[in-house]
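A quick write-up on the structure given underneath.
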Amino acid sequence: MRFILIDNVLSYDAGSTLTAVKSVSLAEEYLGDHFPTFPVLPGVLLLEGLIESAAWLVRVSEDFAHSMVLLEQAKNVKYKSFAAPGMQIRYTVTAKDIEENVSSFKGVGVCGDEAIVEANFALRHFNLSARDAAMAKVDASIVESMKQRWSLLYR
């Protein structure tokens, strides 16, 4: 399964910050198992919301130069509360540094006025064709797909 944990990008400043939102819906299938009598967004998916937000900041800051933007490292992840169905999470990520192949961020997820997740993390970005020239078409396809998704997320 693939989860998309960003519903909308509210604002961004290329190379600096991005703010996005995620509305938690009872229809999300993983909530049936986490937890049946007390459904909440799993902590790892709270962190993934921060990572996806930062990945979009990398993509737009580098004009979609890389097909792959992946988590390299997460540090000091703090889960402070739960996100239940009906809640909306506002993710804000601030770039400490965005370089050619690696970037680092501080991020926070907030419901209302309450921080529910905070983390420092790093992303690695690259093209598959850097390792295998035959993958250039795959890179191009992924980048095009990401550009289309961006046009839906940020209007």
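The values are calculated or read from the model by the stated rules, or taken from the named source; none is laboratory data. From a predicted model like this one, the values you see are computed outputs, not experimental measurements. Note that each Cβ is placed from the backbone with ideal geometry, even for glycine, and that neighbours are counted across all protein chains shown.
Here are the numbers for this structure:
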read-out	value
Some residue of segment 90-97 being over 30 Å from L128 (Cα atoms) and either part of a strand (DSSP E or B) or small (G, A, S) (or both)	yes
Qualifying residue in segment 80-94 (condition: over 16 Å from the mean Cα position of the chain (by Cα) and more than 30 Å from F35 (Cβ to Cβ))	no
Subset of segment 64-74 that is buried (at least 20 other Cβ atoms within 10 Å of the Cβ) and in contact with a strand residue (DSSP E or B) (Cβ under 6 Å, 6 or more places away or on another chain) - its residue that is nearest to E118 (Cα to Cα)	V69
Cβ pairs under 6 Å, 6+ apart, first in segment 20-49 and touching a residue at least 60 places away in the same chain (Cβ under 8 Å), second assigned to a helix (DSSP H, G or I) and not charged (D, E, K, R)	A20/S53; K22/G49
Scope segment 15-63; condition loosely packed, with under 15 Cβ neighbours inside 10 Å and among the aliphatic types (A, V, I, L, M); matching residues	L26, A27, V44
Residue count, segment 11-28 (criterion: of a type outside the set (V, I, T), under 15 Å from R90 (Cα atoms) and either outside any loop (DSSP other than H, G, I, E, B) or at pLDDT 95 or above (or both))	6
Scan of segment 16-68 for residues that are within 10 Å of the chain's Cα centre (by Cα) and among the small types (G, A, S), ordered by number	A20, G49, S53, A54, A55
Which listed residue, of L47, L31, L71, L57, is more than 19 Å from V9 (Cα to Cα) and assigned to a helix (DSSP H, G or I)	L31
Residues satisfying the stated conditions in segment 98-148, i.e. in a helix (DSSP H, G or I), free of Cβ contacts under 8 Å to residues at least 24 places away in the same chain and of a type in the set (K, R)	K137
Pairs where the first residue, in segment 82-95, is within 15 Å of Y30 (Cβ to Cβ) and the second is surrounded by fewer than 16 Cβ atoms within 10 Å (Cβ to Cβ) and of a type in the set (S, T, Y), C-beta under 7 Å, 6+ apart	P85/S25
